[in-house]
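To start, the structure itself, in structure tokens.
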Amino acid sequence: MASDEELLRRLEDAAPLLEATRVRYRALIPAVQAWGWRQRLREVCDIAREVARTDAQVEQALRRATRRAQAEAWPQGAARALLDDVNALRDRLNDVVDRRLEDTGGGLLALLRLVLGVPRKVPMGERDAAAHEALQLEDELIPALDRFGTALESLFGRPLVRGHRLPFTLTEYDALLAQFDDGTRALARGWAAIARIDTTGGVERELLRRSKRAPRTTRALPGPRALVHATFWDTAADAHLRLLLEERFAPVQLKEAERVPALRFLLAREVDGAARIPEDTPRAALLMLAHELTASPEGRASLKGGRAQVSAWAAQADALLGDEDWRRVRDGLRALASRSTRLALPPLYRVGKHTERAPLPERLTDFFSTGE
């Protein structure tokens with residue numbers, strides 16, 4: 001006669017699944033039967049989700065194993081008890097779920113929808129649990145927040161030192177860009193879910209407060225921890241980039257839509273003197289001219305085309321004559337010209353019967369009219 005160990009081996013992959021399911025049923029059934037079953041079900045919602053997720057697989061494994069046990073006349077023992085227990089517990093769970101749903105149908109997932117994510121007044125001591133509950137309502141939201149926060153921290157957690165090249169490459173930045181839209185959408189959905197769960201707003205205020213400081217290893221549940229982590233690094237990355245781009249493209253004030261191409265150009269330009277902003281427009285020429293006139297970070301590649309290229313950008317940017325950013329660059333060049341031998345500037349005074357100040361250049365290209 002086969003031993004229990006041999007019979008369990010005959011179940012193959014079904015054995016560990018049925019063993020785990022029996023444990024889950026034993027935790028879930030008392031929660032659904034309890035007087036305060038809504039709160040108890042929230043507390044074991046992870047178990048309930050897993051039971052619902054694996055139900056079809058369990059049903060198939062149980063049916064196949066039961067048929068085999070009957071065909072082979074398995075004796076009473078651990079293997080047969082496992083099958084009997086799971087069968088009985090599954091029937092009992094379905095029965096109590098149907099009674100809670102008042103026979104409206106829908107099963108365990110429908111019961112979960114009745115209690116999870118329902119707006120309510122959340123006590124202070126239950127804020128983390130409520131936040132985790134709200135974020136779990138959407139499949140894959142918490143993993144998406146985790147991925148986004150980790151990707152941001154991997155780049156912007158590195159020190160950005162003024163006057164030095166950036167601590168990440170164009171390839172690394174492009175990898176972040178590839179998931180940036182998904183990440184920002186996940187953040188928006190996460191905060192929307194948090195705002196709905198607590199009618200007092202306490203959960204949202206608590207997580208916003210945490211997101212303003214560098215995340216540390218805490219005992220917070222995975223959902224709120226991922227949301228706080230991603231929010232902090234999204235805010236930090238935005239602040240770092242704004243300061244960096246203001247420094248490297250001063251005095252031009254970048255438009256929001258220009259930030260990504262400007263940073264991609266900056267990263268490429270640090271290692272490649274032939275790098276250019278892809279758009280062939282006066283505005284792009286003005287940006288590249290402004291970038292070239294700022295202090296070069298240590299180790300930046302030499303500009304391909306040198307002074308002739310800078311002069312060409314100046315001539316192209318002069319199509320923006322009178323534009324506010326164009327005036328900022330021109331005024332900056334006027335201030336710089338008196339201190340630089342690399343820029344052309346007429347004598348400050350003309351000598352004659354009456355000494356008077358000479359007119360300053362009106363076009364950008366006038367500043368680069370002399371040879372090196």
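The values are calculated or read from the model by the stated rules, or taken from the named source; none is laboratory data. The structure displayed is predicted, hence computed values, not measured ones. Because the Cβ atoms are built from the backbone with ideal geometry, glycine has one as well, and the counts that use them run over all protein chains shown.
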From the options Glu246, Glu270, residue that is touching a residue at least 12 places away in the same chain (Cβ under 8 Å), part of a helix (DSSP H, G or I) and more than 14 Å from the chain's Cα centre (by Cα): Glu270
Pairs with Cβ under 8 Å, 6+ apart, first in the range 165-190 and within 30 Å of Glu204 (Cα to Cα), second not hydrophobic (A, V, I, L, M, F, W, C): Gln179/Arg147; Gly183/Arg147; Gly183/Asp234; Thr184/Asp234; Leu187/Thr231; Leu187/Asp234; Arg189/Glu138
Residue within the range 101-121 that is within 30 Å of Gln33 (Cβ to Cβ), within 27 Å of the chain's Cα centre (by Cα) and surrounded by 14 or more Cβ atoms within 10 Å (Cβ to Cβ) present: yes
Pairs where the first residue, in the range 226-238, is assigned by TED's automatic domain parsing to the domain that holds Leu160 and the second is in a helix (DSSP H, G or I) and of a type in the set (Lys, Arg), C-beta under 8 Å, 6+ apart: Val228/Arg210
Where a residue in the range 279-302 is without any contact (Cβ under 8 Å) to a residue 40 or more places away in the chain and over 21 Å from Leu336 (Cα atoms) and its partner, wherever it lies, is surrounded by fewer than 17 Cβ atoms within 10 Å (Cβ to Cβ) and of a type in the set (A, V, I, L, M), with Cβ under 6 Å and at least six apart: Pro282/Ala319; Ala301/Val271
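Criterion first (among the small types (Gly, Ala, Ser), surrounded by 13 or more Cβ atoms within 10 Å (Cβ to Cβ) and under 16 Å from the mean Cα position of the chain (by Cα)) does Gly183 satisfy it?
Details: among the small types (Gly, Ala, Ser): yes; surrounded by 13 or more Cβ atoms within 10 Å (Cβ to Cβ): yes; under 16 Å from the mean Cα position of the chain (by Cα): yes.
Spelling it out, Gly183 is indeed among the small types (Gly, Ala, Ser), surrounded by 13 or more Cβ atoms within 10 Å (Cβ to Cβ) and under 16 Å from the mean Cα position of the chain (by Cα).
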Set Arg209, Arg213, Arg205: member being surrounded by fewer than 20 Cβ atoms within 10 Å (Cβ to Cβ) and touching a residue at least 12 places away in the same chain (Cβ under 8 Å): Arg213
Test: residue in the range 282-294 that is surrounded by fewer than 18 Cβ atoms within 10 Å (Cβ to Cβ), at pLDDT below 90 and either not assigned by TED's automatic domain parsing to the domain that holds Arg328 or not basic (Lys, Arg) (or both): yes
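With crowded, with 17+ Cβ neighbours inside 10 Å, within 22 Å of Gly157 (Cβ to Cβ), outside the structural domain of His164 (by TED's automatic domain parsing) and in contact with a Lys or Arg (Cβ under 8 Å, 6 or more places away or on another chain) as the only criterion, which of Leu266, Leu320 stands out?
Values: Leu320 fails: within 22 Å of Gly157 (Cβ to Cβ).
From the options Leu266, Leu320, the qualifying one is Leu266.
Out of Glu153, Glu140, report the one residue that is within 28 Å of Thr235 (Cβ to Cβ), modelled with pLDDT of 90 or more and surrounded by fewer than 17 Cβ atoms within 10 Å (Cβ to Cβ). Outline the logic, then answer.
Details: Glu153 fails: surrounded by fewer than 17 Cβ atoms within 10 Å (Cβ to Cβ).
Just a single option satisfies the conditions, and that option is Glu140.
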Selection count where residues are under 12 Å from Val122 (Cα atoms) and hydroxyl-bearing (Ser, Thr, Tyr), scope the range 186-222: 2
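Condition first: in contact with a Lys or Arg (Cβ under 6 Å, 6 or more places away or on another chain) and not basic (Lys, Arg). Can you find one or more residues in the range 217-225 that meet it?
Pass one, the range 217-225, residues in contact with a Lys or Arg (Cβ under 6 Å, 6 or more places away or on another chain): none.
Taking every residue of the range 217-225 in turn, none turns out to be in contact with a Lys or Arg (Cβ under 6 Å, 6 or more places away or on another chain) and not basic (Lys, Arg).
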Residues located in the range 97-117, provided they are farther than 17 Å from Thr21 by Cα and in contact (Cβ under 8 Å) with a residue 40 or more places away in the chain: Arg100, Leu111, Leu112, Leu114, Val115, Leu116, Gly117
